[in-house]
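Worksheet for the structure shown next.
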Amino acid sequence: MLKWTLFGVLALSVLFSQAQTNKTKIDAIVQMGHAQYITCSDLSDNGELAVTGSGDNSIILWDAINGKQIRTFNVHYKSIRSVNFNPNNSLIISTSKDNSVKVIDVKTGQIKHAITFSKQTIYNAYFSQDGSKFITLNDRDAYTVWSTEKGKDLGTFKKDFGGLKDELLISPDGTKVLSKVNWA
């Protein structure tokens, strides 16, 4: 009798633990970090998330509160040049030495937009302050404005400044891009 009671308790505990596991699906993430040096980073506006890019071609999403790795994105095949969150922290935009720009959904890890440049070297990309657009900056004299929703090229423009790293290049309403007047 004791043998069957012990078996019954064991069976119930296994069933209960499986039911609990099915309720709270926990993804196990091995906390490996980057295999090479970090080349770029960004902190979400609310301070809860951080994202880093590396010379190992990977992008890692971190819980900025406890320092734990949430997800690794392996979407580029060369070193990462820049990573940036959109204003509501639902998307990450990245640039790489593979000369591509990727817009990645933070929750699903899916690529929303992938753009490859054949005749330009792209160094950086930022979202507008309202998140409706993003801008890509090349290494020379041009920038391109894109629709975040559709990934559509809204226009490529000549830049008459040397900056490659300034997220405030786009006005808060997304209608203007910083430029300077040529006084010469």
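The values are calculated or read from the model by the stated rules, or taken from the named source; none is laboratory data. Predicted, not measured: the structure shown is a model, and the values here were computed from it. Virtual Cβ from ideal backbone geometry, glycine too; neighbours counted across all protein chains shown. With ligands, DNA and RNA removed, areas are computed over all heavy atoms of the protein, side chains included. Shrake-Rupley method; radii C 1.70, N 1.55, O 1.52, S 1.80 Å.
Which net charge results when you count Lys and Arg as +1 and Asp and Glu as -1 among the other residues whose beta-carbon is under 14 Å from that of Ile111?
Taking every Cβ under 14 Å from that of Ile111, the sum is +2.
Express the accessible area of region 55-140 per residue in Å², computed with a 1.4 Å probe while the remaining protein chains stay in the model.
Solvent-accessible surface per residue comes out at 43 Å².
Starting from 0.36 nm per residue, how many nanometres of slack lie between Ile70 and Phe157 once their C-alpha separation is accounted for?
Stretched out fully, the Ile70 to Phe157 stretch lengthens by 27.6 nm.
Pop out the Kirkwood hydrodynamic radius of region 103-142 from its pairwise C-alpha distances, inverse of mean 1/r, in Å to one decimal.
It works out to 11.7 Å.
Amide H neighbours of His113 under 5 Å, at least 5 residues apart or on other chains, H built in the peptide plane: list them.
Residues meeting the amide H criterion: Val103.
Taking the Cα centre as origin and putting +1 on Lys and Arg beta-carbons and -1 on Asp and Glu beta-carbons, what dipole magnitude results for region 41-81, to the nearest 20 debye?
With Lys and Arg at +1 and Asp and Glu at -1, about 220 debye.
Quote the accessible area belonging to Arg71 in square angstrom, nearest 10, computed with a 1.4 Å probe and with ligands, DNA and RNA left uncounted.
Taking all protein chains as shown, Arg71 has close to 70 Å².
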